1. Does anyone have the angle between helix 31-40 and the longest principal axis of the chain? Alpha-carbon axes, 0 to 90°, nearest 10?
2. Of [x] 11.5; [y] 11.9; [z] 8.0, which one was derived for mean projected area of the Cα convex hull in nm² from the structure shown?
3. How much area per residue is accessible in the chain when the probe is 1.4 Å and only protein heavy atoms are counted (Å²)?
4. By how many degrees, between 0 and 90 and to the nearest 10, does the Cα long axis of helix 107-120 differ from the longest principal axis of the chain?
5. Please report the antiparallel percentage of DSSP beta bridges with both residues in the chain, rounded to the nearest 5.
6. How large a share of the accessible area of segment 3-59, in percent, is made up of carbon and sulfur atoms when the probe is 1.4 Å and the other protein chains stay in place?
7. What does the charge count around Thr22 come to, taking other residues whose C-beta lies under 12 Å from its C-beta (Lys +1, Arg +1, Asp -1, Glu -1)?
8. So, in nm, how far is label Ser36 from label Glu109 when the simple model puts each one 7 Å beyond its Cα toward the Cβ?
Amino acid sequence: MQEQIFIDRNYQYLKGNIHTHTNRSDGRFAVSDVLSIYEKNQYDFIGITDHDVYYEGETHYGDMIILAGQEVSCPYVGDSKCKGAYVHFCCFQRTAEPVAPMQYKDAHELQACIDVLNEHYR
């Protein structure tokens, strides 16, 4: 059996988080506190992705890169016991406007939500 190498020491690896909430949605801490915590833990980048609230702040905090984004909610509203279930999509782009939550009741409508997000965040 061929040995598999999962970490190539010739590449630079970055420490980051692309799904971070603040108290602008259901997180516990303000944006400034979250950035401070991640910087103190030596993260290279962080994505601010609050529920349905687009982050438009600074692009850097010290040496840490901040990815602007939001987590778009898509609640299920069909006629089944799954009613109320959510699908969430983390979306990033520096110049995008926020996207409002979109509802779906079947796979076709969920795909339509994905198509809207793909077009919006190009």
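1. So the inclination is approximately 40 degrees.
2. The value matching this structure is [x].
3. 69
4. In the chain, helix 107-120 runs at an angle near 50 degrees to the longest axis.
5. The answer is about 50 percent antiparallel.
6. The nonpolar share, carbon plus sulfur, comes to 47 percent.
7. Details: positive: Arg24, Arg28; negative: Asp26, Asp33, Asp50, Glu71.
Here the charged neighbours net out to -2.
8. Once both label points are built, they end up 4.4 nm from each other.
The values are calculated or read from the model by the stated rules, or taken from the named source; none is laboratory data. A quick note: this is a predicted structure, and the numbers were derived from the prediction, not measured. Using ideal geometry, Cβ is built from the backbone for each residue, glycine included, and neighbour counts are taken over all protein chains shown. Accessible surface areas use protein heavy atoms only, side chains included; no ligands, DNA or RNA. Shrake-Rupley method; radii C 1.70, N 1.55, O 1.52, S 1.80 Å.
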